[in-house]
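Written out below as structure tokens is the structure these notes cover.
The values are calculated or read from the model by the stated rules, or taken from the named source; none is laboratory data. Source: prediction; values computed, not measured. All Cβ positions, glycine included, derive from the backbone under ideal geometry; neighbour counts span all protein chains shown. For accessibility, only protein heavy atoms count, side chains too; no ligands or nucleic acids. Shrake-Rupley method; radii C 1.70, N 1.55, O 1.52, S 1.80 Å.
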Amino acid sequence: MADPRRPIARRIGNLGSGAAIIVGVWWILALVMSNRVLPPPDVVFARVLELFPTPLVAHAQASLARVLKAVGLATVCALPLGILLGRNRVADSILSPAAYLMYPVPKIALLPIVFLLLGVGEAARVGIVTLVLFFQMLFVVRDAARAVPASYVKVLTGLGGRPVHTVRFVVLPAVLPAILTGLRIGIGTALAVLFFAETFFTRYGLGFFIIDSWSKVAYIDMMAGIVALSIVGIALFTIVDLLESVFVRH
Amino acid sequence: MLVFESCTAGYGGVPVFRNLGFSVAAGELYAIIGRSGCGKTTLLSAAAGLHRLDAGMVLRDGEPLLAPHPRVGLVPQQPGLFPWYTVGRNVGIGLEISGVHRRSREYLDRVSRALEAVGLTHLRARYPARLSGGEAQRVSLARTLVREPDVLLLDEPFSALDAITREALQDDLVNLLSQRRLAAVLVTHSIEEAVFLGSRIAIMSGNPAGLTELPSGPDRGTRSWSRIDQAYTEHCRYVRKRFGALHG
């Protein structure tokens, strides 16, 4: 059995060295440009500590909650549909072309429609992020379900397995790594879309905090918000990696 | 125990084999030798309830086998182990399908017994990616044995293994079959394997294929010969000659 702590320790080490490079480049740029739009990292980090916990935590919590709700909703919708498309030729031939046409449509362009349909509350912001994640996950799950070797299904059928057993013992475990890959790919885009969605009709969320600081010409606060949003993104990536190390051991 | 009655099957209306008939008693291993594509796997799949015959039927204790039966175990050519489960879970998967709870005493005992039968108790917690080809095939055999079958269908189970591992597994299978008094059908393209394991041997040939049963070698009831026995090598030569004659 793999020890999940080892990859995490290695990951923390890798993150540390990556962060050191980014901060170093940022520092050099700040020194060279000497522009208040790009304050040096020490000033920004000091401001992050001043804004912690209030109000930064509330904004980060709002953003994180929206992303997590969207992840849950997208998984619940994309997983069964992706398995259906991957394992059923009729369903695939009917539904996949429509999904294929929808996939390249920039979901952010649908934001006005989502606001009009779901209102200007939380549902719309979660809804637009769900849309982004849903299509990312749908296709990776479909392809993974389709790629399940026929020999596995034959073995299970030979042991008396019915289609429900095939899904439980073969298809779901086979698509789990694909779900996590879909999440990893989707999270970056989802955060970008969320950032934009949080600039409308809300006073909470890191997107709001960054744009609000920008409009007040509070560049240090703006950069502190960007750092906080980056931390949220890294935390989500780490959660996905943690899930992978726990559930995908083979 | 196991009866193949005028079995005919094919693909797209083209018969692969026609009117095959034979029976296998408890404790017997019926070895079928044939070239690739002659329908050996289709024949076993029909007995395993995975392929519908165009005509005829396979009966176990007089009962037609139309769907997978818990007492009929198929050991496929490729082990087909699920890489996301440990060896123990792979072995017990048939029990889970039958509704035996994974944490129950019955489940744990039966998985332990099956692993013990193939000598792999120490690998219970290992994942298939870390098994050798021989170990993987033993796990596949254990996965079949855990359901306590009285009929064993062996679809070239050792063909992908190296010679030394193959012979070790053949020896184990001989012991297992004689201990458990299973009725077994082995399909193979190895004449040596068929002669070593089979208490009766048949050659599958023709288009559509038919079966030609050969006389048994000496002392086959006791499964007593070793690979260096003269009787064994002579019988291999005889079977090879008949195989050559039937295939032109």
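Residues in region A:178-184 carry Karplus couplings, in order, of 5, 4, 5, 5, x, 5, 4 Hz; the curve used is 6.51 cos²θ - 1.76 cosθ + 1.60 with θ = phi - 60°, and Gly or Pro positions show x. Accessible surface comparison of B:40, A:154, B:241, A:216, probe 1.4 Å, protein chains only, largest first: the order is B:241, A:216, A:154, B:40. With Rg and the Kirkwood Rh both taken from Cα atoms, where does Rg over Rh land for region A:1-145? Checking Rg against Rh, the ratio lands at 1.10. Rounded to the nearest 10 degrees, the angle from helix B:87-97 to the longest Cα principal axis of chain B is 80 degrees. Between residue B:74 and B:153, the built amide H atoms are under 5 Å apart, and every one of these is 5 or more places off in sequence or on another chain.
Dipole check for the protein assembly as shown: with +1 at the C-beta of Lys and Arg, -1 at the C-beta of Asp and Glu, and the Cα centre as origin, the magnitude is about 300 Debye. Protein heavy-atom accessible surface, 1.4 Å probe, per residue over region A:41-135: 53 Å². Using the empirical formula 2.2 N^0.38 Å as the baseline, the Cα radius of gyration of the protein assembly as shown reaches a ratio of 1.34. Comparing A:42, A:143, A:212 in a Gaussian network model of chain A where C-alpha atoms under 10 Å apart are linked, the largest mean-square fluctuation is found at A:42. In plain terms, the C-alpha convex hull of region A:53-247 casts an average shadow of 12.4 nm² when viewed from every direction. Per-residue accessible area (protein heavy atoms, 1.4 Å probe) orders B:240, B:102, A:203 as A:203, B:240, B:102, starting from the largest. Spatially, region A:91-109 and region B:170-208 are offset by 53 Å when compared through their Cα centroids. Compared with the dominant Cα axis of chain A, that is its longest principal axis, helix A:122-146 is turned about 40°.
The mean number of Cβ atoms from other chains found within 10 Å of a Cβ in peptide B:73-80 is 4, as a whole number.
Scalar couplings 3J(HN,Hα) for region B:69-79, obtained by applying the Karplus form with A = 6.51, B = -1.76, C = 1.60 to θ = phi - 60°, are 10, x, 9, 10, x, 10, 9, x, 4, 9, x Hz; x denotes Gly and Pro. Taking a straight line from the alpha carbon of residue A:154, these lysines sit under 20 Å away, with near neighbours fewer than eight places off in the same chain left out: B:40.
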